[in-house]
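Report on the structure given below.
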Amino acid sequence: MLGIKEFNKKITSLKNTRKMTKTMKLVSASKFKRAHKAQLSAEVYAQKLTELMGRLSGSGANHPLLKSKKAVTKSLVVLFTSDKGLCGGFNNNLIRKVRHWVVDNPYKYTNIGMSFCGRRGYMSFRRTAKINKYYENITMKPAFADAQKVAQDITEDFMMGNYEEIYLAYNRFDGPLTQTPVIEKILPLDASVFTKNIKASGETLSKTGATYEYEPEEKELLYFIIPKFLNFKIFFTLLENAAGEHGARMSAMDKASKNTGDLIDRYTLLRNRARQAAITTELIEIISGAEALK
């Protein structure tokens with residue numbers, strides 16, 4: 001059994017750890033508040049932009065990014081993770097899902113490349129995956145310029161034929177305590193997905209009885225909107241990733257603080273028992289010595 005001195009060292013160390021986890025929780029809560037506010041502000045714009053894309057893609061206008069190929073053998077996965085750890089299963093759950101997805105599709109795709117936004121994902125796949133691009137330091141503070149760079153790169157890869165399907169792998173933000181790993185195809189764009197989103201929002205033409213006249217023409221407008229849609233889709237994914245990361249870290253640090261407190265209580269009890277046992281032993285020795293002198 002440990003002595004009183006060893007118990008005191010453990011308790012002091014645990015108290016210092018609890019101070020650190022509580023501080024990290026407060027910092028994460030502050031960052032989460034800002035990230036969540038940005039994500040909520042962008043969510044409304046994302047919905048309206050998706051509805052506009054649905055109307056345009058359903059008008060019959062064509063665009064190269066809307067055309068899917070019959071035989072698909074080359075795909076690219078853009079993985080969004082955090083740069084730092086200490087956020088529970090936020091990164092591990094997504095990385096595990098991507099690994100399973102790659103294992104489940106060995107015959108459909110003969111060539112699976114990966115691009116990374118976030119250091120954690122890159123460190124997990126750097127030795128096993130075919131790396132296309134690695135974007136450093138863009139997930140902590142999402143910027144629209146970084147999103148434009150990613151969108152431009154994946155569009156060029158798709159248009160040049162380097163990859164025939166492109167997927168985004170990220171944690172969808174469902175709440176501070178819940179993030180759902182998602183693998184979503186972004187290219188080629190699927191017009192049926194936009195149509196479903198319009199129906200879900202209740203803005204169908206049959207209900208409103210409205211028809212739309214476009215100025216400029218649908219094709220020209222589609223060529224203008226699709227790049228902006230891709231830019232904002234990547235930016236919104238970065239915002240969701242940042243909000244989910246800070247929410248997951250806030251939750252993880254809260255659990256760590258509670259667990260540290262439980263350990264402090266446990267070791268304090270064990271230390272008191274050890275002290276009581278030591279005092280009892282000393283009393284027995286004193287009494288035994290006194291009895292021996294009689």
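A count restricted to segment 276-294 and to residues that are of a type outside the set (V, I, T), open to solvent by 100 Å² or more (accessible area, probe 1.4 Å) and part of a helix (DSSP H, G or I) stands at 5.
Scoring N272 on the criteria (1) open to solvent by less than 20 Å² (accessible area, probe 1.4 Å); (2) farther than 22 Å from P181 by Cβ; (3) of a type outside the set (D, E, K, R) leaves a single failure, condition (1).
So that you can scan it fast, the table gives a plain yes or no per residue for (1) modelled with pLDDT under 90; (2) touching a Cys at 6+ places or on another chain (Cβ under 9 Å); (3) among the aliphatic types (A, V, I, L, M):
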position	(1), (2), (3)
T204	yes, no, no
A210	yes, no, yes
K233	no, no, no
G244	no, yes, no
T260	no, no, no
I264	no, no, yes
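Looking at segment 107-136 only, could you name the residues that are at pLDDT below 90 and of a type in the set (S, T, N, Q)? Answer for segment 107-136, where residues must be at pLDDT below 90 and of a type in the set (S, T, N, Q): T110, N111, T128. Taking segment 1-45 on its own, how many of its residues are touching a Ser or Thr at 6+ places or on another chain (Cβ under 7 Å) and of a type outside the set (A, V, I, L, M, F, W, C)? Here the count works out to 5.
For segment 216-232, taking the residues that are farther than 20 Å from A147 by Cβ and open to solvent by 60 Å² or more (accessible area, probe 1.4 Å), the one that is farthest from the chain's Cα centre (by Cα) is identified as E217.
Criterion applied to L26, L86, L40 was being assigned to a loop (DSSP other than H, G, I, E, B), open to solvent by 60 Å² or more (accessible area, probe 1.4 Å), farther than 22 Å from S115 by Cβ and modelled with pLDDT of 80 or more, and the one residue passing it is L86. Selection of first residues in segment 163-175 that are touching a residue at least 24 places away in the same chain (Cβ under 8 Å) and open to solvent by 10 Å² or more (accessible area, probe 1.4 Å) and of second residues that are in a loop (DSSP other than H, G, I, E, B) and of a type in the set (A, V, I, L, M), restricted to Cβ pairs under 7 Å at least 6 apart or on distinct chains, gives the following pairs, ordered by first then second residue: E164/V72; E165/V72. In a residue-by-residue description of segment 45-64, the property of being at positive phi, open to solvent by 40 Å² or more (accessible area, probe 1.4 Å) and not charged (D, E, K, R) applies to at least one position.
The values are calculated or read from the model by the stated rules, or taken from the named source; none is laboratory data. If you're wondering where the values come from, they're calculated on a predicted model, not measured in any experiment. Methodologically, a virtual Cβ is constructed for each residue, glycine included, from the backbone with ideal geometry; neighbour enumeration extends over all protein chains shown. With ligands, DNA and RNA removed, areas are computed over all heavy atoms of the protein, side chains included. Shrake-Rupley method; radii C 1.70, N 1.55, O 1.52, S 1.80 Å.
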